[in-house]
Amino acid sequence: PGFTPTDVVETELMAGDRLDIYPSPLARGLQATIRASRSPGAESGKLLVFDAQGRTVRLIQARVAGNEVTAQWDGRTGHGERAAAGVYFIQWRDARGSASGKLVLLD
């Protein structure tokens with residue numbers, strides 16, 4: 001025996017599956033701009049910041065205009081505290097897929 005496929009679900013991911021994040025490294029007091037081409041048909045999603053241990057540091061509100069998602073991160077946690085210096089991973093997720101990138105936060 002074996003498996004008999006009954007359905008195939010196509011997932012359209014964003015071009016390159018990568019976020020444009022700048023500047024990186026990010027110095028204290030500055031804001032990083034995060035941009036992604038949105039997946040076709042996705043109307044909403046979320047932008048998450050993770051630390052190197054995979055913990056969610058912040059959920060960022062993003063602006064969706066046309067096929068582009070734009071957001072900014074000021075280097076603060078969801079509690080308003082300054083995040084520790086280090087590497088952070090940023091991910092956009094919506095119903096059609098995800099895109100990610102990384103940012104280095106300086107002290």
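The values are calculated or read from the model by the stated rules, or taken from the named source; none is laboratory data. Everything quoted here is computed from the prediction, not taken from an experiment. Note that we place each Cβ from the backbone using ideal geometry, even for glycine, and neighbour counts take in every protein chain shown.
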**Study point:** Pair list, Cβ < 9 Å and 6+ apart or interchain, from the stretch 71-88 residues that are on the phi < 0 side of the Ramachandran plot and free of Cβ contacts under 8 Å to residues at least 12 places away in the same chain to residues that are assigned to a loop (DSSP other than H, G, I, E, B) and β-branched (V, I, T)
**Key:** none
Review point. Restricting attention to the stretch 21-37, does a residue exist that is modelled with pLDDT under 95, touching a helix residue (DSSP H, G or I) at 6+ places or on another chain (Cβ under 7 Å), surrounded by 12 or more Cβ atoms within 10 Å (Cβ to Cβ) and assigned to a strand (DSSP E or B)?
Key: yes
Revision key, fill the gap. Filtering the stretch 58-102 down to residues that are part of a loop (DSSP other than H, G, I, E, B), crowded, with 17+ Cβ neighbours inside 10 Å, aliphatic (A, V, I, L, M) and at pLDDT 90 or above yields A83
Exercise for review: Evaluate the following for A52: is it at pLDDT 85 or above, closer than 17 Å to S24 by Cα and assigned to a loop (DSSP other than H, G, I, E, B)?
Suggested key: yes
